[in-house]
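All remarks here apply to the structure that follows.
The values are calculated or read from the model by the stated rules, or taken from the named source; none is laboratory data. Just so it is clear, the structure is predicted and the values come from calculations on it, not from any experiment. So basically every Cβ, Gly included, is an ideal-geometry build from the backbone, and we count neighbours across all protein chains shown. These accessible areas exclude ligands, DNA and RNA; they are computed on the full protein's heavy atoms, side chains included. Shrake-Rupley method; radii C 1.70, N 1.55, O 1.52, S 1.80 Å.
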Amino acid sequence: MNKKLAGLIDGRKIWLGNQQQLVDEFCSTGYLLLDKKLGGGWPQHGVTELQTANGIGELRLLAPFLSTVATTQQLIMFINAPSVINSQMLAFNDIEPSAAVMINTNDDSQQLWSAEQSLHSGCVSIVVLWQQQFSSCQIKRLKLAAKAGGSRLIVIRPPNQLSALPVNLTLALMPSDNGLDITIKKQQGHWPQPMFTLDMSQQWPDLVTNRTYDNVIALAKRRVS
């Protein structure tokens, strides 16, 4: 085995087929198909990476999971969200507004510091962090903080990232007419999987893109009334 391959294995960037560590603790995503594809749901521990453009449905994907986390009386931290996350949006997604904390700063080091302190605190169940670039060392440090605090981290960064991170799960998201096209690029204990379409129209009937003009007008009238 050459030194480069050995370094990748030691850095947990790849796993050998006969040394896969199966993850047996999951939290349901709220979507039956996605739970099936992931072998149970979101990993109970560690770091999940979503590679996605902002505003295509990534928060709708996370909403069912976050709503269950919010009932545990622990906080949810949103760090550097690209759009406003307000109480109305949280309540609409069945997330208790008093359980959510928003932190916004343009300083990357402050974002990482806030994430690490939140994960390590013991009073935060999950941190959702938007940031473009990470090093392997930074992710490893955040994983250690999450393990110490019994928390989880979801990293959201732009699509088509070439640098692989030592995370538990990586999903690439693309918009589709009725939801999201999802590619499982990396999953600890499993092989990557090709793209599949997650139909979110049942959970989000007012937000799919294939509505007719008459349906849009009818929806607008209901909201006004």
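Net charge within 12 Å of F196 by Cβ-Cβ distance, Lys/Arg positive one each and Asp/Glu negative one each, not counting F196 itself?
0
Evaluate E = 1/(1 + (r/R0)^6) for D94 and S136, where r is the Cβ-Cβ distance and R0 equals 30 Å; express this FRET efficiency to the nearest 0.05. Don't skip to the answer; put the middle values down first.
On the way: r = 36 Å, r/R0 = 1.19.
The formula returns an efficiency of 0.25 here.
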Item to check | Stokes-Einstein D (µm²/s) once Rh is taken as the Kirkwood radius of the range 20-135 over alpha-carbon pairs, at 10 °C in 1.306 mPa s | outcome: 105
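Given a Förster distance of 35 Å, report the FRET efficiency between D199 and N104 from their Cβ-Cβ distance, rounded to the nearest 0.05. Write down the numbers at each step before the final one.
On the way: r = 33 Å, r/R0 = 0.94.
The pair D199/N104 has a calculated efficiency of 0.60.
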Item to check | Nitroxide proxy distance, nm - points 7 Å out along Cα→Cβ at Q44 and W113 | outcome: 3.4
Checklist outcome for this item: Counting sequence-distant residues (5 or more places) and residues on other chains, those with an amide H built under 5 Å from that of F26 are Q44
Checklist outcome for this item: Taking a probe of 1.4 Å and leaving out DNA, RNA and ligands, the range 57-191 shows per residue an accessible area in Å² of 46
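What is the local net charge at G179, summed over the other residues whose Cβ is closer than 12 Å to its Cβ (Lys, Arg +1; Asp, Glu -1)? Numbers along the way, then the final one.
Numbers: positive: R60; negative: E58, D177, D181, D199.
Around G179, the surrounding residues sum to -3.
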Next on the checklist: So the label point goes 7 Å from the Cα of N160 along Cα→C-beta, right? Which residues of the range 35-57 then have their backbone N under 19 Å from it?
Outcome noted: 50-57
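More than 19 angstrom separation, counting every C-alpha pair in the range 110-163; what % is that? Spell out each step's value before the answer.
Working: 312 of 1431 pairs.
Above the 19 Å cut-off, the range 110-163 has 22 percent of its Cα pairs.
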Checklist entry - Suppose every K and R has +1 on its Cβ and every D and E has -1 on its Cβ; what is the size of the dipole of the range 43-118 about the Cα centre, in Debye to the nearest 20? => result 180
